[in-house]
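Only one structure is covered here, and it is reproduced in the block below.
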Amino acid sequence: MLKIMEVEKKYEGHVVVLPYPSQGHINPLLQFAKRLASKGLKATIATTHYTLSSITSPLVTVEPISDGFDDGGFAQVRSEELFLESFKTNGSRTLTQLIKKHQATKNPITCVVYDSFLPWALDVAKENGILGGPFFTNSAAVTAIFSRIHGGELKLPLRLEDCPVVIPGVPPMNLEDLPSFLNAPESYPAYLRMKLNQFSNLDKADWIFSNTFQSLEHEVVKGMGKQWPAKLIGPMVPSAYLDGRIEGDKGYGASLWKPLDEDCAKWLETKPSNSVVYISFGSMVSLTQQEMEEIAWGLQDSGCYFLWVVKDSERHKLPKAFLDLTTQNQEKGMIVSWCNQLEMLAHDSVGCFLTHCGWNSTLEGLSLGVPMVGVPKWADQLTDAKFIKDVWCVGVRVKVDNVTGMVNREEVVLCLNEVMDEGKRSLEIKKNAGKWKELAKEAISEGGSSDRAIDEFVMSLKGT
Ligand code: UDP
């Protein structure tokens with residue numbers, strides 16, 4: 001019998017894309033890989049063993065590399081320091097093996113696009129004679145802040161008397177608007193070092209990519225000048241929600257937890273237009289029991305319908321009486337352990353996104369035109385919240401109690417009302433949200449600023 005062998009197509013360039021192995025990093029880098037594949041390059045995602053099975057996309061190939069903790073990654077070691085060191089050693093070794101494995105094939109790897117948290121990947125690329133560039137997963141504003149710390153223009157720790165901090169293109173920032181640990185840098189030494197290391201070998205990179213777009217942050221990028229000549233290629237949100245040019249691209253294609261989409265969608269179907277608050281604190285934030293209680297009762301008191309993502313590991317922090325109420329009366333609210341956030345945000349019933357202001361969530365809220373209530377907890381979330389409220393004017397931000405540093409239920413109610421009540425402020429926010437939705441779509445659509453930036457990269461790679 002004649003066996004028909006599948007013959008691999010020859011591509012004009014092969015990019016290996018290397019994300020940091022967490023949900024908020026895999027999503028945008030995988031999306032970029034899909035975008036590159038849709039433009040005719042071969043794209044391979046190189047990801048750690050334990051995230052391998054969570055990634056599925058018909059457009060990209062997925063290959064394993066090692067961070068040295070193949071069964072559980074960071075959860076196995078629980079030390080940023082050890083994890084990053086191990087990832088550097090084992091990641092460099094296994095990325096090299098991956099590049100070598102493809103060398104003699106029809107599609108040798110010609111470029112490495114790596115998470116800016118992993119600058120060692122550029123050394124690997126250069127040692128193997130190929131091109132490379134980092135992908136920044138934060139906003140340009142956050143990058144500008146860390147770039148100035150790296151360059152010595154901003155000295156740590158930042159104190160009250162150093163504020164407002166003025167950075168070209170960025171509005172004056174107070175402590176509450178700046179990445180949280182900058183006033184106590186010793187509290188997260190490994191994390192801070194990682195953020196500063198992003199700039200350590202930038203001069204050797206062939207390109208720099210940033211998940212933002214011209215109309216959103218051009219002033220910040222202009223302010224950074226030659227220090228950061230980034231290609232703005234965002235928003236890296238699945239195509240179905242923006243330009244629709246990648247067939248069937250309705251989700252990122254990566255989920256580290258099992259989503260309960262069907263239940264959520266059915267429940268949302270029963271609710272009127274713009275009546276539901278969707279709440280998520282992303283994949284990493286862990287609230288205190290008191291914060292969970294205040295948010296729970298705030299939601300209840302607001303009278304709004306709500307769909308709240310509470311990971312299984314956090315569920316025990318919900319007040320029992322609130323859980324009982326929600327279970328007895330599913331009419332009012334639904335609590336799920338994980339869902340396809342984009343699908344929920346895109347639903348006509350969802351009128352507000354109560355968010356921790358992670359950068360992906362922020363871009364998703366902007367791209368889908370959903371007004372936001374920011375409840376930032378740490379790191380870059382505080383800066384994103386500042387922009388959501390004061391620069392793009394697409395939402396409000398909860399005020400935290402001066403003493404406890406926490407949000408209380410009255411403030412939750414106040415903020416939800418402000419966004420949902422159809423009053424002057426609410427209408428203004430909705431109008432702005434609609435404007436940014438259009439601008440996000442325009443950026444990534446054919447001929448838009450991000451689309452052109454991606455095309456330039458693809459063309460230069462095809463020429464190599
Ligand atoms: N997300 C999701 N389902 C959920 C909650 C979050 O798919 O139930 C996704 C969300 O769409 C986003 C990512 O998880 O793309 C979280 O990234 P973000 O930068 O907002 O926050 P992080 O998790 O990194 O703090």
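Read-outs throughout are calculated quantities, based only on the coordinates presented, and are distinct from any laboratory measurement. Since the model is a prediction, treat every value here as computed from it, not as a measurement. All Cβ positions, glycine included, derive from the backbone under ideal geometry; neighbour counts span all protein chains shown.
Odds and ends about this structure:
- The ranking of Cys352, Cys415 from fewest to most other beta carbons within 10 Å of each one's beta carbon is Cys415, Cys352.
- Between helix 214-224 and the chain there is an angle of about 70 degrees, using the helix long axis and the longest principal axis of the Cα atoms.
- C-alpha center-to-center spacing [region 273-334, region 355-378] in angstrom: 17 Å
- Nearest-20 debye value, region 1-137 charge dipole, Cβ charges on Lys, Arg, Asp, Glu: 680 debye
- Per DSSP, loop GluC sites (Glu not before Pro) in region 1-99 with at most 14 further Cβ within 10 Å: Glu6, Glu8
- Debye log10 I(q)/I(0) at q = 0.14 Å⁻¹ for region 262-440, Cα point scatterers: -0.68
- Rounded to the nearest 20 debye, the dipole magnitude of the chain is 1140 debye, with +1 charges on Lys and Arg beta carbons, -1 on Asp and Glu beta carbons, and the Cα centre as origin.
- Vicinal HN-Hα couplings computed from phi for region 343-354 (Karplus, 6.51 cos²θ - 1.76 cosθ + 1.60; Hz; Gly/Pro x): 4, 5, 4, 7, 6, 4, 6, 7, x, 7, 10, 8
- When you filter the trypsin sites (Lys or Arg not before Pro) in region 1-66 for DSSP loop state and at most 10 other Cβ atoms inside 10 Å of their Cβ, you are left with Lys3, Lys9, Lys10.
- Per-residue ellipticity at 222 nm, computed for the chain from helices alone with -39500 (n - 2.57) per DSSP H run of at least four residues, works out to -12000 deg cm²/dmol.
- Computed about its Cα centre, the charge dipole of region 295-364 is approximately 260 debye, with only Lys, Arg, Asp and Glu carrying charge at their Cβ.
- Highest to lowest packing among 357-370, 259-272, 433-446, scored as the average C-beta count within 10 Å: 357-370, 433-446, 259-272
- Among beta bridges identified by DSSP and lying wholly in the chain, the antiparallel ones come to about 5 percent.
- Entries of Lys39/Lys258; Lys271/Lys311; Lys42/Lys441 with Cα pairs more than 32 Å apart: none
- Charge dipole of region 371-464 about the Cα centre (unit charges at C-beta), most positive-ward option of Gly374, Ala440, Phe457: Gly374
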